[in-house]
Amino acid sequence: MVKKKEIWDKPERLCRECGKKLLGRVDQRFCNDFCRNTYNRHEKQRLAAETADYTEVTIIAILKNNHLLLRSFNKHQAVTFLIDKEKLYKAGFNFNFCTGCYQESDGRLRYYCFEQTWQELPYGRLELGVDRQKLGLTSSGRGVQL
Ligand SMILES: [Zn+2]
């Protein structure tokens, strides 16, 4: 009986990278090497981003990485694509850098990374998009029907 109670009292431990339940040793922090490596790599990037004094080269590298991530998450280059902000953040997206910002008619801000766009939504959601005019695909506006 005592043993059972001990098990129930233990707080649930989760993988720091993917959030999966950990069943191993008490000091286990990740479910596998892949998660540990991914977490450490992102942690390094986060630290570097916070402490860097931004040279032109690092800014371009951050924008390139942001652009790549926006493109890879919005695989089909949809004009409107919803995603959890955390997903993008965990993948190494740096929200401090954009190439432009545009205020929509409803007052909300849309951020640009070249032709890729994102906008904050309630509940930690993001709306990704593509500015087709910037891609030269349409001649009239962003072509977005909200
Ligand atoms: Zn994991």
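Assorted remarks:
- Checked against (1) at pLDDT below 90; (2) buried (at least 16 other Cβ atoms within 10 Å of the Cβ); (3) not hydrophobic (A, V, I, L, M, F, W, C), Gln133 passes all but condition (2).
- The condition of being surrounded by 15 or more Cβ atoms within 10 Å (Cβ to Cβ) and either modelled with pLDDT of 95 or more or among the hydroxyl-bearing types (Ser, Thr, Tyr) (or both) holds for only one of Tyr102, Tyr89, that being Tyr89.
- Residues of segment 24-39 that turn out to be within 9 Å of the ligand (Cβ to nearest atom) and surrounded by fewer than 15 Cβ atoms within 10 Å (Cβ to Cβ), as a count: 2
- Scan of segment 40-61 for residues that are touching a helix residue (DSSP H, G or I) at 6+ places or on another chain (Cβ under 9 Å) and among the hydroxyl-bearing types (Ser, Thr, Tyr), ordered by number: Tyr54, Thr58
- Only a single criterion out of (1) farther than 14 Å from Tyr89 by Cα; (2) within 9 Å of the ligand (Cβ to nearest atom); (3) within 18 Å of the chain's Cα centre (by Cα); (4) among the hydrophobic types (A, V, I, L, M, F, W, C) is not satisfied by Cys18, namely (1).
- Scanning segment 80-103 for residues that are out of contact with any strand residue (DSSP E or B) (no Cβ under 6 Å at 6 or more places or on another chain) and part of a loop (DSSP other than H, G, I, E, B), we see that the one that is farthest from Glu56 (Cα to Cα) is Ala91.
- When residues in segment 40-61 are screened for being of a type in the set (Asp, Glu) and either within 16 Å of the ligand (Cβ to nearest atom) or touching a strand residue (DSSP E or B) at 6+ places or on another chain (Cβ under 6 Å) (or both), 1 of them pass.
- All conditions in (1) among the aliphatic types (A, V, I, L, M); (2) over 30 Å from Val130 (Cα atoms); (3) at pLDDT 90 or above hold for Val26, with the sole exception of (3).
- Subset of segment 105-122 [part of a loop (DSSP other than H, G, I, E, B) and crowded, with 16+ Cβ neighbours inside 10 Å]: Phe114, Glu115
The values are calculated or read from the model by the stated rules, or taken from the named source; none is laboratory data. Everything numeric in this text was worked out from a predicted model, so none of it was measured. We place every Cβ from the backbone using ideal geometry, glycine too, and count neighbours over all the protein chains shown.
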